[in-house]
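First up is the structure itself, then whatever we jot down about it.
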Amino acid sequence: MPNEINHSRTRNSSFYDQKYGSGNGWKYDTDKVTRWLQESIVSRFGLTPGDRVLELGCGEGHHSALLASFGLDVYGVDFSEKGIEAAKERGSGATFIAANALDLGRFFDHGYFDLIFVRGMSWYHYELSGISRMGIDIEEETGKLFEFLKPGGTFVLQIRTDFSGNKPTDNVFDCRLSEFKELFSQFGEIIHTSNTAGAELIDDEQAAKIKGGIVMAIRKHGQVLL
């Protein structure tokens, strides 16, 4: 298994290094993304200036930079060195680190963050239980991510899916709402579940009808530290 894990890390890092290095990274409407982050992350979860936010899988740092513009203490982490190079060139108030999500302990103490934002991260595009095709135990490693949240801190996942349950061998999965709930309910209280447009997601059937990806927030168990 260690060889498979290392191969998976190398393959994915090389893919994104080539994508970002060629100038073919994702393009965003800055005004639209700024409004979405304000409404769907900052205001919805009560973030205030100085709160510590970690974005995992930050790519070229677009969202991290915008979150930092709200006065938040933002750290963007991605395993693509090319992506992090581009992120640093933005000249934003965010701090960017080239690292694998498995290695966060090299950089941060447990209980450091008020909010962890995971947007489009490859871990959650595939199996949500057991050993995934990414070569990791998704439940075990997700639990480790929660260790970096303060008690009462919030973990927010935003990722593409149409909730159909379709799991092709040559593309990302479309996991069902119940699969996301089963994974994340282990680590805290699910306090928000919607599609990206903000429509509440109720069950598998309803979610598959309205589609639109998922935004799920989980509040870590424990008393909030003042």
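Please treat every number below as a calculation from the coordinates, not as lab data. Source: prediction; values computed, not measured. Methodologically, a virtual Cβ is constructed for each residue, glycine included, from the backbone with ideal geometry; neighbour enumeration extends over all protein chains shown.
How would you classify segment 124-215 from its alpha-carbon gyration tensor, with a ≥ b ≥ c the square roots of the eigenvalues: rounded for a/c under 1.5, else prolate if a/b is greater than b/c, otherwise oblate? Cα axes put segment 124-215 in the oblate bin. Two decimals is fine: what's Rg over Rh for segment 58-163, C-alpha atoms, Kirkwood radius as Rh? We get a ratio of 0.96 for segment 58-163.
Positive-end ranking of 97, 166, 217 along the dipole of segment 75-226, with charges on Cβ about the Cα centre, is headed by 97.
Protection proxy ranking of 60-67, 188-195, by the mean of other Cβ atoms within 10 Å over each peptide's residues and highest first, is 60-67, 188-195. Mean projection of the Cα convex hull over all viewing directions, computed for segment 123-171: 4.1 nm².
Across the chain, how many lysine pairs, 8 or more apart or on two chains, come within less than 15 Å at their alpha-carbon atoms?
Numbers: 19/27; 19/82; 144/220; 150/220; 181/220.
Count of close lysine pairs: 5.
Magnitude of the charge dipole for the chain, about its Cα centre and with charges confined to Cβ atoms of Lys, Arg (+1) and Asp, Glu (-1), is about 400 debye. For the listed peptides 69-77, 45-53, 131-139, a ranking on the average number of other beta carbons within 10 Å per residue, highest first, reads 69-77, 131-139, 45-53. Amide hydrogen proximity for residue 153: with H placed 1.01 Å from N in the peptide plane, the residues at 5 or more positions away or on another chain lying under 5 Å are 220.
What does the net charge come to around residue 197 if you take all other residues with beta carbon closer than 14 Å to its beta carbon, with K and R at +1 and D and E at -1? Taking every other residue near residue 197 into account, the sum is +3.
Taking the DSSP beta bridges with both ends in the chain, the antiparallel portion is around 40 percent.
Tell me the mean residue ellipticity at 222 nm calculated for the chain from its helices only (DSSP H runs of n ≥ 4, each -39500 (n - 2.57), averaged over every residue, nearest 500). Value at 222 nm, helices only: -8500 deg cm²/dmol. Sorted largest first, the spans of the alpha carbon positions of the chain along the three principal axes are 43, 41, 34 Å.
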